[in-house]
Amino acid sequence: MKPIQLVDLHTQYKKIKEEIDAAVIEVMESTAFINGPAVKDFASEMEAYLGVKHVIPCANGTDALQIALMAIGTQPGDEILTPSFTYIATAEVIALLQLKPVFVEVDEDTFTIDIEDAKGKITDRTKAIIPVHLYGQCAPMDEVMEFARKHGIRVIEDTAQAIGSSYHSKDGSTQMAGCIGDIGTTSFFPSKNLGCYGDGGAMMTNDDELAKKLRMIANHGQRIKYYHDIIGCNSRLDSIQAAILRIKLGHLNEYIHARQEAASYYDRAFANVEQITTPYRAPYSTHGFHQYTLKLEGVDRDGLLDYLQEKGIPANIYYPVPVHLQKGYTQYGFKEGDMPRTEALTAQVISLPIHTELTEDQLDYITTHIKSFING
Ligand SMILES: *Cc1c(COP(=O)(O)O)cnc(C)c1O
């Protein structure tokens, strides 16, 4: 059996090596390293894949969130609703722009934002809500959109973990994650479902005005070179990364399928283990399984992590500390006990190896060892 990795990018690369190598060399030969044709081509192909009007590439998923917050015209002191159970980037950009993160609980089954809790946290300074499609499954976007429309606030979807997932709306329509709110943001960090070989990110929108703004902000606030109408930043996707992403986009559905197959294997293996809750599948979303995350009950999680490490099975906790309790974020006035569901989840979750290259013998090895630890 091959050694097990949390994410096996090497085996994946070997399968598409010829195409990737050729595409990278083509960019090097062209020397169009910045904003070369590969960047435009990738953006149009991504627009077609997502069925969205504009895809604006940028340097990473954190920049995408920051640029999105700038584009909706936030002012220092404005409040932004976002879950505390997320990767730090979602909250970090809010703080960096001198806005106020207002942390919201998540649903304990879907791990995504709980709109009931958000309802009690809206004020006249609330400017936007950032739902996070955590682990690869969409937040309840019908509820998010209804809530946002009612209060006249903007919606920025953090789609870094759910690119390629789709949302089935109450009205019968289906839309891709990241294309429902005002702006969607995503990351092409190597381990993401659509990952490049370095850093990369993008913003998605159907709004022409917002698209113009996003493009300008990502490009030093200019539309015409050396004329800076607004304050922007420098956030670009490299041509080499775009060339790689064009190839990987062609495999995205197959990659998601491979993750779903591994997830189904895990589901079946743990179906009768009382101490394990396998990931809940929301009826309104597909699940891209960026992470396969279990909830444990009555299991010594640290002991399990040590045991798995001994057996050569990497596992991880996403995330061990909720953002509202992170040291750097105490200034926002949240304390332990403020978000009991989120706090309980951070003590319960464990994410197993999930990627496109998992084999049946690896899955069997992983599940057998987890069950034998739990059953003593
Ligand atoms: C990965 C990730 C980001 C940030 O992406 P980078 O490209 O690493 O900046 C933001 N939000 C979530 C939920 C993520 O998982």
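The values are calculated or read from the model by the stated rules, or taken from the named source; none is laboratory data. Everything quoted here is computed from the prediction, not taken from an experiment. Reconstructed Cβ throughout: ideal geometry from the backbone, glycine too, with neighbour counts over all protein chains shown. With ligands, DNA and RNA removed, areas are computed over all heavy atoms of the protein, side chains included. Shrake-Rupley method; radii C 1.70, N 1.55, O 1.52, S 1.80 Å.
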### Candidates I72, I231, I354: whichever shows maximal mean-square fluctuation once the chain is modelled as a Gaussian network with Cα springs under 10 Å
I231
### Query
Considering only protein heavy atoms and a 1.4 Å probe, what is the carbon-and-sulfur percentage of the accessible area of the range 253-375?
46
### Message
How large is the direction-averaged shadow of the alpha-carbon convex hull of the range 253-375, in nm²?
### Response
9.2
#### Entry: Candidates P131, P279, P320, ranked by Gaussian network fluctuation over the chain, Cα under 10 Å, top entry
P320
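Give the Kirkwood hydrodynamic radius (Å, one decimal) of the chain, defined as one over the mean of 1/r across all pairs of different Cα atoms. Display every interim value, and only then the final one.
On the way: mean 1/r = 0.0468 Å⁻¹.
For the chain, inverting the mean 1/r across all distinct Cα pairs yields 21.4 Å.
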## Note on the structure
Highest GNM mean-square fluctuation among D182, D208, D158, for the chain with Cα springs under 10 Å, belongs to D208
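Quick one: which of 341-349, 56-64, 135-143 comes out on top by average Cβ neighbours within 10 Å, and what's the full order, highest first?
Details: 341-349: 18.1, 56-64: 26.9, 135-143: 24.4.
Peptide ranking by packing, descending: 56-64, 135-143, 341-349.
Longer than 20 Å from Cα to Cα, which of K119/K213; K53/K100; K121/K295; K119/K150; K17/K53 are they? Say none if no pair is.
On the way: K119/K213 29 Å; K53/K100 30 Å; K121/K295 27 Å; K119/K150 11 Å; K17/K53 31 Å.
Where the Cα-Cα span goes over 20 Å, the pairs concerned are K119/K213; K53/K100; K121/K295; K17/K53.
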### Message
Based on alpha-carbon centroids, what's the gap between the range 55-114 and the range 312-355 in Å, whole number please?
### Response
17
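Loop-only check: which chymotrypsin sites (Phe, Trp or Tyr not before Pro) in the range 188-242 are DSSP coil with at most 12 other Cβ within 10 angstrom? All intermediate terms of the calculation are to be shown ahead of the outcome.
Values: sites: F188, Y197, Y226, Y227; in loops: F188, Y197, Y226.
Passing both the DSSP loop test and the Cβ count: Y226.
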### Query
What accessible area per residue, rounded to a whole number of Å², is obtained for the range 242-376 using a probe radius of 1.4 Å?
46
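So which trypsin sites (Lys or Arg not before Pro) in the range 1-93 pass both tests, a DSSP loop state and at most 14 other Cβ atoms within 10 Å of the Cβ?
Working: sites: K14, K15, K17, K40, K53; in loops: K53.
Sites meeting the loop and neighbour criteria: K53.
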### Coil-residue chymotrypsin sites (Phe, Trp or Tyr not before Pro) of the range 8-70, DSSP, other Cβ within 10 Å capped at 14
F33
### Task
Mind checking which of M46, P3, Y13 is farthest towards the positive end of the range 1-58's charge dipole, using Cβ charges of +1 (Lys, Arg) and -1 (Asp, Glu) about the Cα centre?
P3
